[in-house]
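In what follows, a structure is listed as structure tokens, so that the remarks can point back to it.
The values are calculated or read from the model by the stated rules, or taken from the named source; none is laboratory data. Just so you know, these numbers come straight off a predicted model, no measurement behind them. When we count neighbours, we look across all protein chains shown, and the Cβ atoms used for this are built from the backbone with ideal geometry, even at glycine. Just the protein is used for accessible areas: all its heavy atoms, side chains included, with ligands, DNA and RNA removed. Shrake-Rupley method; radii C 1.70, N 1.55, O 1.52, S 1.80 Å.
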Amino acid sequence: MRAAEVRKLAQQARVGPGVSVLDLCCGVAGPGQMITAESGCRYLGVDHSASALASARKRAGNLPCRFEQAHLPPLPGGRFEVVFLLETMLAFPDKEALAGEVARVLEPGGRFAFTVEEGRPLTPQERAQMPAADTVWPIELADLTNVLRDAGLAVTWQQEHSSAHHATATALLRCYGADSPQIAGQIGKRATAELITAHQLWSDWLGCGRVRKFAMVAEKR
């Protein structure tokens, strides 16, 4: 997501001074640290990658950010006013379990702010084409709304970002193609080919409407 889109999502989730925020699959926590610096929230980032968290801690400096290493779900203990999940809902095959865990750690009135790749589940043919297909689990919007509702979460805001996401995927595809020899020298030819294939598929699917990209907020009732 672009910085302006992250800010908009945080605004819709009512992130502000002192608000407790749990950022799931935070990686190096660039968006989380930006929001913490600008809002004054209390931030906990969680990710399974020790190296990503080491980088996040170094970059955080004096910001009031904490980090924990964990595989999700389950989610860490405690209660939070906001849970973030940016760019990674796609990787969770069991959306029901995820939504239930988010609802468990949210305070009453708490907000789940996330992005999602919306669309039909992949066909067997699409799974055969997509690298790392075991991390690619789109969900249709009506099904997602039902999953959230069953967990006690009601959608209060949503905004489509398909065009911007398509432009980003297409731009990355061009860059990867142009720099493929250098990339292959760092990660290998097979990984480079899979990277290009994945971005080509996402560019095609977003361009034709096979998948759509949304930012959403759901509130715990």
- Using Cα atoms only, what is the angle between the long axis of helix 3-12 and the major principal axis of the chain, expressed in degrees (0 to 90) to the nearest 10? 30
- Message: Just to be sure I understand the curve: with the Debye formula and one point per C-alpha of the range 71-115, what is log10 I(q)/I(0) at q = 0.27 Å⁻¹?
- Response: -1.08
- Query: Ordering Trp202, Trp137 from largest to smallest accessible area (1.4 angstrom probe), what's the sequence?
  - Reply: Trp137, Trp202
- Query: Under the definition of Cα pairs under 8 Å and six or more residues apart, what whole-number percent is the relative contact order of the chain?
  - Reply: 21
- Reported to the nearest 10 Å², Arg212 has, with a 1.4 Å probe, an accessible area equal to 80
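Over 27 Å apart: what share of the alpha carbon pairs of the chain falls there, rounded to a whole percent?
35
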- Can you pull the one-decimal nm distance between simple spin-label points at Gln125 and Tyr176, each 7 Å off the Cα toward Cβ? 2.2
- Which residues make up the longest stretch of the chain that has no GluC sites (Glu not before Pro) in a DSSP loop with at most 16 other Cβ atoms within 10 Å? 1-86
- Item | 222 nm mean residue ellipticity, helices alone, for the chain (DSSP H n ≥ 4; -39,500 (n - 2.57); rounded to 500) | -14500 deg cm²/dmol
- Message: From Cα pairs below 8 angstrom and at least 6 apart in sequence, can you work out the relative contact order of the range 131-212, rounded to a whole percent?
- Response: 37
- Measuring from label point to label point, each 7 Å out along Cα→Cβ, what is the Ala154 to Leu141 span in nm? 1.9
